[in-house]
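The values are calculated or read from the model by the stated rules, or taken from the named source; none is laboratory data. These figures come from a predicted structure and were not determined experimentally. Because the Cβ atoms are built from the backbone with ideal geometry, glycine has one as well, and the counts that use them run over all protein chains shown.
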Amino acid sequence: MVRELLFALVDRWQDFTDTEKERLIERILSGPDQLSYWSDEVYPEHRDEFAARYGRYLELQGCQLPVAHAVRLLEIIIGLPRWDDGWVISTVTERRSRFGYVGTDEAPDAVLDLPVSEIVDKAKSDLERDFGSFTEKRPFTGLVTRLQS
C-alpha cells in the first residue's frame, strides 16, 4: 500500500498546492505511529528510517520539497546509522510470495533405462526441485515401486 501511495504522490505532486505539499511532507517526516510491538527504545529509529525512506523517495523522483522540510529530511538521514539510498528503492520494490501444495512425481522414467551404476546418482540429482516448482521428483521411489509390482 505504501508503494502505491508513493507512486500516486509522485504522479500528482505538481497538482498539489504549496500548502498541501507542506502538510503531506510534514506527515511523512513525522514517520509512522508507534506499532504495538515496537518498544519505546527502537521506535525512534524505526520512525526516522521510514520517514527518511518515504521523503527521500519523493526527492529522488523529482518532487521539490519545501526548503525547511528538505533540511529536516537531511537531518533525519544524517542521524541514521548506516543510511543507504538503496533502502529507498527497496521501499517501492514489489514483493510477492508464491505458495502452494508440493506434489510428488514418482515416475521412474528418468532412471528406468539407466545402467544400475548410474541410477542412484541420477535419482539424487532429480531430488533437487527447480526454483518455483511445486513438484518433487522421486524417480527412485517410482522405480522401486514398479519393481515390487
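For segment 11-30, the criterion of being touching a Pro at 6+ places or on another chain (Cβ under 8 Å), loosely packed, with under 12 Cβ neighbours inside 10 Å, acidic (Asp, Glu) and in contact (Cβ under 8 Å) with a residue 12 or more places away in the chain is met by at least one residue.
Residue check: is Asp33 over 30 Å from Phe134 (Cα atoms), among the acidic types (Asp, Glu), exposed (fewer than 13 other Cβ atoms within 10 Å of the Cβ) and modelled with pLDDT under 95? For Asp33, the condition - over 30 Å from Phe134 (Cα atoms), among the acidic types (Asp, Glu), exposed (fewer than 13 other Cβ atoms within 10 Å of the Cβ) and modelled with pLDDT under 95 - is met. When restricted to residues that are closer than 19 Å to Ile89 by Cα and not in a helix (DSSP H, G or I), segment 29-54 contains 2. Total residues in segment 71-84 satisfying the condition of being surrounded by 14 or more Cβ atoms within 10 Å (Cβ to Cβ), hydrophobic (A, V, I, L, M, F, W, C) and more than 27 Å from the chain's Cα centre (by Cα): the figure is 0. Restricting segment 88-130 to residues that are part of a loop (DSSP other than H, G, I, E, B) and surrounded by 13 or more Cβ atoms within 10 Å (Cβ to Cβ) leaves a set whose member that is modelled with the lowest pLDDT is Pro108.
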